[in-house]
Amino acid sequence: MTPQDRSRRGAAGGSDAERLSKRLHDLSERIRTETAEHAPPKGPGAGDHGSRYGVAIRLASEFVAAVLVGAGLGWLLDRLAGTSPFGLIILLLLGFGAGILNMARASRRMANSEAAAAAKASPPIDEDEDE
Amino acid sequence: MTDPLHQFEIHVIAPLFSIFGVQFNFTNAALFMLVIVAIICALLYAAFANPELVPSRLQSVGEVWYEFVHNMVRQVMGEDGMKFFPLVFSIFSFVLVANMLGMFPYFFTVTSHVIVTAALAVFVILLVITVGIMRHGLGWFRLFAPHGVPIAILPFISAIEVISFLSRPVSLGLRLFGNMLAGHIVLKVFAGFVVSLSALGITGIFGAIFPLGMAVGLTALEFLVAFLQAFVFAILTCVYLNDALHPGH
């Protein structure tokens, strides 16, 4: 900083401080909007009880739906092909398997989206559905 | 005590026409669906009728609404999934407004009827199958045969995969229906306790404080559930459509 510079600053001291504070204010405004824009989408927060309840309901319904579909398909097969009760037994068991698979996928999907939210980045959520 | 299921009854408002002996009626459910669509259109129109650089309150609500769905679609499906954005936005808005409208006393909750949620879910799954076959031809069915599986257990794995796929509309529709139905029944039962207990005199009135507190707490929870279920329905729509766009990815 040269002496002339310093003297110029001294001369225009009051307005300089004002300008500085205005710039500081502008900058904090800009940072605030910037972070608001880049914040992860406001989904249900991971911590609160409501979303834990939601997770529980989701996993349960994934499982139950698969068992119901398996049983329904088995019952239908039995009625159409007259293989009672083997279609119902086998497809019900397969339905249980599908239910476990559904739950595993759903929980991995939730873990992935939570990790993405934690990283505060927005890369596309990795949907690796293949085993 | 009042009947907790009374709120789900469907009344005929105006009979319309009958085809092959099947009577079509304009019911309270149909009326509320029209109201939902009208509310969505009116809100969005009011929000974006004269947009400004510094948004007004209503406009920022509209922007948050839009960007929320926009981010969701782009995160799950990527850029080429954006052509499904209007669909996902419509489904999300419809379910959200239906759930929220159901929170008003004496209003009818459209999403507490399984036929409505099942129709939405089946529509989504049929769309997934259609888009998958249009995009990838019959190769899309490789979704049911993950590679790297030994040939001996492939039939089992395929059967499980098919059942898993078929269970998607069931879980999608039943979850929304079950949440809304159960929430409204529980709310009604607790509110009914307040009324019947307070009829018992002074001890009953003090005893009614507990169910009253529960009803207040449950109302808050129901608002959360109403939003959460709309969110879950929309994001699972995105996830399933992603399977149609990028199978086995």
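Observations on the model:
- Restricted to the range B:171-208, and to residues there that are closer than 24 Å to A:Leu68 by Cα and free of Cβ contacts under 8 Å to residues at least 60 places away in the same chain, the residue that is most open to solvent (accessible area, probe 1.4 Å) is B:Ala182.
- With respect to the conditions (1) of a type in the set (Gly, Ala, Ser); (2) modelled with pLDDT of 90 or more; (3) surrounded by fewer than 19 Cβ atoms within 10 Å (Cβ to Cβ), B:Ala121 lacks only one, and its number is (3).
- Of all residues in the range B:3-23 being of a type in the set (Phe, Trp, Tyr) and farther than 24 Å from B:Val95 by Cβ, the one that is most open to solvent (accessible area, probe 1.4 Å): B:Phe20
- Consider the range A:67-96 and keep the residues that are free of Cβ contacts under 8 Å to residues at least 12 places away in the same chain and within 13 Å of chain B (Cβ to nearest Cβ). The one that is surrounded by the fewest Cβ atoms within 10 Å (Cβ to Cβ) is A:Leu76.
- Failed condition for B:Pro211, given (1) open to solvent by less than 10 Å² (accessible area, probe 1.4 Å); (2) within 14 Å of chain A (Cβ to nearest Cβ): (2)
- Residue count for the range B:228-249, restricted to those that are within 13 Å of B:Gly132 (Cα to Cα) and in contact with a Gly (Cβ under 9 Å, 6 or more places away or on another chain): 7
- Pairs where the first residue, in the range B:47-71, is within 11 Å of chain A (Cβ to nearest Cβ) and the second is of a type in the set (S, T, N, Q) and assigned to a loop (DSSP other than H, G, I, E, B), C-beta under 9 Å, 6+ apart: B:Asn71/A:Ser122
- So A:Asn102, is it closer than 21 Å to B:Ala244 by Cα and either at pLDDT below 90 or open to solvent by 60 Å² or more (accessible area, probe 1.4 Å) (or both): no
- Here B:Val239 meets each of (1) among the aliphatic types (A, V, I, L, M); (2) within 11 Å of chain A (Cβ to nearest Cβ); (3) buried (at least 22 other Cβ atoms within 10 Å of the Cβ) with one exception, condition (3).
- For the range B:129-159, the set of residues classified as β-branched (Val, Ile, Thr) and either away from chain A (no Cβ under 14 Å) or not in a helix (DSSP H, G or I) (or both) consists of B:Ile129, B:Thr130, B:Val131, B:Ile133, B:Val149, B:Ile151, B:Ile153, listed by residue number.
- Residues that are assigned to a helix (DSSP H, G or I) and more than 20 Å from the chain's Cα centre (by Cα), drawn from the range B:1-60: B:His6, B:Ala42, B:Tyr45, B:Ala46, B:Ala47, B:Phe48, B:Arg57, B:Leu58, B:Gln59, B:Ser60
- Residues that are among the small types (Gly, Ala, Ser) and touching a strand residue (DSSP E or B) at 6+ places or on another chain (Cβ under 6 Å) within the range B:13-70 comprise just one, B:Ala14.
- Residue in the range B:227-239 that is under 19 Å from A:Ala98 (Cα atoms), within 25 Å of the chain's Cα centre (by Cα) and in contact (Cβ under 8 Å) with a residue 40 or more places away in the chain present: yes
The values are calculated or read from the model by the stated rules, or taken from the named source; none is laboratory data. Quick caveat: nothing in here was measured; it's all calculated off a predicted structure. Glycine also receives a Cβ, built like all others from the backbone with ideal geometry; neighbour counts cover every protein chain displayed. Just the protein is used for accessible areas: all its heavy atoms, side chains included, with ligands, DNA and RNA removed. Shrake-Rupley method; radii C 1.70, N 1.55, O 1.52, S 1.80 Å.
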